[in-house]
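Working notes, structure below.
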Amino acid sequence: MSKKNAKIIGIIAVMSYIANYFLRNMLGVLTPSMMNEASYTKEYIAILSSSYMVSYAVGQLLNGVLGDILKSKNMVLIGLLVAGTVMIIFPFAGNNVLQIACFIILGYSLSMLRGPLMKIITENTELDHARIICVFFTFASCVGPLIASIIAMIFNWYTAFVAAGVLTFLVGVGANLSLTYLENRGIVSYNQLKEISASGLFEVFKIEGISFYLIIVSLAEVFGTTLTFWMPTILNEYILLSKNASNFVFSFIAFVNAVMPFITLTIYKLMNENDVLLIRLTFLITAASFAGLLIVPFGIFKVIFLLIIKIMNGIVTALLWSIYIPALGKTGRVSSINGIMDCTGYIAASITTSIFAYAVTNLGWNGSIIVWMVLSFLGIVATFMRKSA
C-alpha cells in the first residue's frame, strides 16, 4: 500500500513540477522568433530572463521557509495559477515595464512549488520511494524544455505563451483536487511547523558538506539555465541551423537529457556512491566538450558536443536533487534546505545570464563558449575541496 500511495503522490508532484519547467523555458525557445520584432533584442530578453531568476531566487528562499509552515497543496495551487495568469498577460502587455513585471511575478510564483512538493514527497513516502520519486522529479526538469519546444513549434510566439498559461492552469487545479482527495483519505498529511527561527534556519549551514554542494548547485544552475536558454539561438546563429531544425535538435537534446536522472542513479551505484569523483569527471568532460565545440568545423559534430555537455550537466543535477536532497529528509527542514540551495543556484544563474548576454553581443559565440569552459574548470577545482566518499 505504501508503494502504491508513493506512486500516486509521485505522479502528482512530477506533473506539477513539469509545469514549472516548461513555463520557465518558454522565453528561451521563443527567443529566435521574438527577435524578428525590433522591440525584442538579446539585451532586453536577457533582462526579462534575469528578472525572472532574481525573483525566483528570492522567492525560493522565502517560500522554502514558508513551505515548512504553510499547507503545501495551497502553495502549489497559488503558484501555478498566478504563473499561468502572467504568461497569458505577457504577450499583450503594452510596455516593457509591464512585461518585466510579468516575469518578476512569474519567478516568485514558480518558487512556491519545489520546496512544498519536496516536503510532500519526503514526509509522506518511505526514503527509498522518495529517492525514486525525486529521480522522476529531476526528470521533470528535462521534460519541461521538451514540452516548451513542442508548444513553440505548434503556435506562433504570442499564442505559445497563452497556450502555456492555460495548460499551467489545468495542471494547478488538477494537482490541488488530487491532493485534497489524498488528504481526505489520510494518505497525505502536512507536518506544518508553527514557526522557524533565524537561528533554526542557520542550522542548515551546519550540515556536513553543505558549502561544497552550494558551489556545485551554483555551477550546475548556471550551465543548466544559460545553456538551455541560449541553445535554440546557438543552434540557429552559431551552428547555422534553420529555426525549425533548431527547435527539432533542441527537442532531441531535451529528450536525451530527460533520461539522465535514471542513468545517473545506475552510474552512482557503479561508482560505489562516490558522488565527488563523478562530479569531477562530469566537469572534466564538459570542459573538453566546450573545447571541441570551438575546434570542430562541422555542424553535426558541434551538435554532438552540445549534447554531451547537456548530458554531463544532467548528471550533476540528478546527483544534487535526486540523491543528495532526499538523504536530508530526517533533518525536518527539506523545504528550507531546498529553498536555500535553489536560491543560491538562481542567484548565480541570474548574474551570469547578464554576463552571457554581454559576451554574446560583444565577444561572439566563441567568447561565450570560452566563458563556459572556464566555469567548467572551476567545477573541477571545487571538487578538490571535499574528500571523495
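The values are calculated or read from the model by the stated rules, or taken from the named source; none is laboratory data. These figures come from a predicted structure and were not determined experimentally. Using ideal geometry, Cβ is built from the backbone for each residue, glycine included, and neighbour counts are taken over all protein chains shown. Side chains are part of the model used for accessible areas, which takes the heavy atoms of the whole protein and leaves out ligands, DNA and RNA. Shrake-Rupley method; radii C 1.70, N 1.55, O 1.52, S 1.80 Å.
Pairs to check: K3/K73; K73/K206; K73/K310; K7/K119; K3/K119. Give those whose C-alpha atoms are more than 24 Å from each other in this structure.
Cα-Cα > 24 Å for K73/K206; K73/K310; rest within.
Report P(r) for the range 112-235: all Cα-Cα distances, bin width 5 Å, range 0 to the bin holding the largest distance, values in whole percent.
Once binned at 5 Å, the Cα pair distances of the range 112-235 give 2, 7, 10, 16, 19, 15, 14, 10, 5, 2, 0.
When the chain is modelled as a GNM with alpha-carbon springs shorter than 10 Å, which of F377, F139, F223 fluctuates the most?
Looking only at F377, F139, F223, the largest GNM fluctuation is found for F377.
What fraction of the Cα pairs in the chain, stated in percent, has a spacing above 27 angstrom?
Here the tail beyond 27 Å accounts for 46 percent of pairs.
Mind checking which of L77, L98, L48 has the largest fluctuation in a GNM of the chain, springs on alpha carbons under 10 Å?
L98
Please give the per residue volume of the convex hull enclosing the alpha carbon atoms of the range 40-141, rounded to a whole number of Å³.
Looking at the range 40-141, the number lands at 102 Å³ per residue.
Which is farthest toward the positive dipole end of the chain among I380, G64, I8, measuring Cα position about the Cα centre, with Cβ charges +1 (Lys, Arg) and -1 (Asp, Glu)?
Selected residue: I8.
If you take the alpha carbon radius of gyration of the range 273-314 and divide it by 2.2 N^0.38 Å, what ratio comes out, to two decimals?
Taking N as the residue count of the range 273-314, the ratio is 1.25.
By its C-alpha gyration tensor, with a ≥ b ≥ c as the square roots of the eigenvalues, how is the range 109-158 shaped: rounded for a/c under 1.5, else prolate for a/b larger than b/c, else oblate?
The shape class here is oblate.
Quick one: Cα centre-to-centre distance for the range 258-310 and the range 27-71, in angstrom?
27 Å
Indicate the gyration tensor shape class of the range 81-138 (rounded, prolate or oblate), computed on the Cα atoms with a ≥ b ≥ c the square roots of the eigenvalues: a/c under 1.5 is rounded; otherwise a/b larger than b/c is prolate and the rest oblate.
The shape class here is prolate.
With N set to the residue count of the range 252-324, report its C-alpha Rg divided by 2.2 N^0.38 Å to two decimal places.
Output field value: 1.14.
About its Cα centre, how strong a charge dipole does the range 1-156 have in debye, to the nearest 20, once Lys and Arg get +1 and Asp and Glu get -1 at the Cβ?
Its charge dipole is roughly 400 debye.
Based on alpha-carbon centroids, what's the gap between the range 327-387 and the range 125-154 in Å, whole number please?
20 Å
Select from A101, A152, A287 the residue whose mean-square fluctuation is largest in a Gaussian network model of the chain (Cα-Cα springs shorter than 10 Å).
Ranking A101, A152, A287 by mean-square fluctuation puts A101 first.
For the range 25-72, what is Rg from Cα atoms divided by 2.2 N^0.38 Å, rounded to two decimals?
So the range 25-72 has a normalised radius of gyration of 1.60.
Could you work out [θ]222 nm for the chain from helices alone, using -39500 (n - 2.57) per DSSP H run of at least four and dividing by all its residues? Round to the nearest 500 deg cm²/dmol.
Rounded to the nearest 500, it is -26500 deg cm²/dmol.
DSSP H helices in the chain with Cα extent of 18 Å or more along the helix axis and mean Kyte-Doolittle hydropathy at least 0.5?
Helix filter hits for the chain: 2-24, 42-66, 72-89, 96-110, 127-154, 157-184, 210-233, 243-258, 275-295, 299-318, 334-362, 364-383.
Quick one: ranking D68, D275 by accessible area, 1.4 Å probe, largest first, what do you get?
Heavy-atom accessible area, descending, gives D275, D68.
Can you send over the carbon and sulfur percentage of the accessible area for the chain, probe radius 1.4 Å, protein chains only?
Within the chain, the accessible surface is 70 percent carbon and sulfur.
What is the dipole size for the chain, taken about its Cα centre, with +1 at each Lys and Arg Cβ and -1 at each Asp and Glu Cβ, in debye to the nearest 20?
Value, rounded to 20: 560 debye.
Is the shape of the range 204-294 rounded, prolate or oblate, going by the alpha carbon gyration tensor and its root eigenvalues a ≥ b ≥ c, with a/c under 1.5 for rounded and a/b larger than b/c for prolate?
Verdict is prolate for the range 204-294.
Per the Debye formula with a single identical scatterer at each Cα and no solvent contribution, what log10 I(q)/I(0) holds for the range 262-384 at q = 0.22 Å⁻¹?
Reported log10 I(q)/I(0), two decimals: -1.35.
Per residue, how many Å² of accessible area does the chain show with a 1.4 Å probe?
40 Å²
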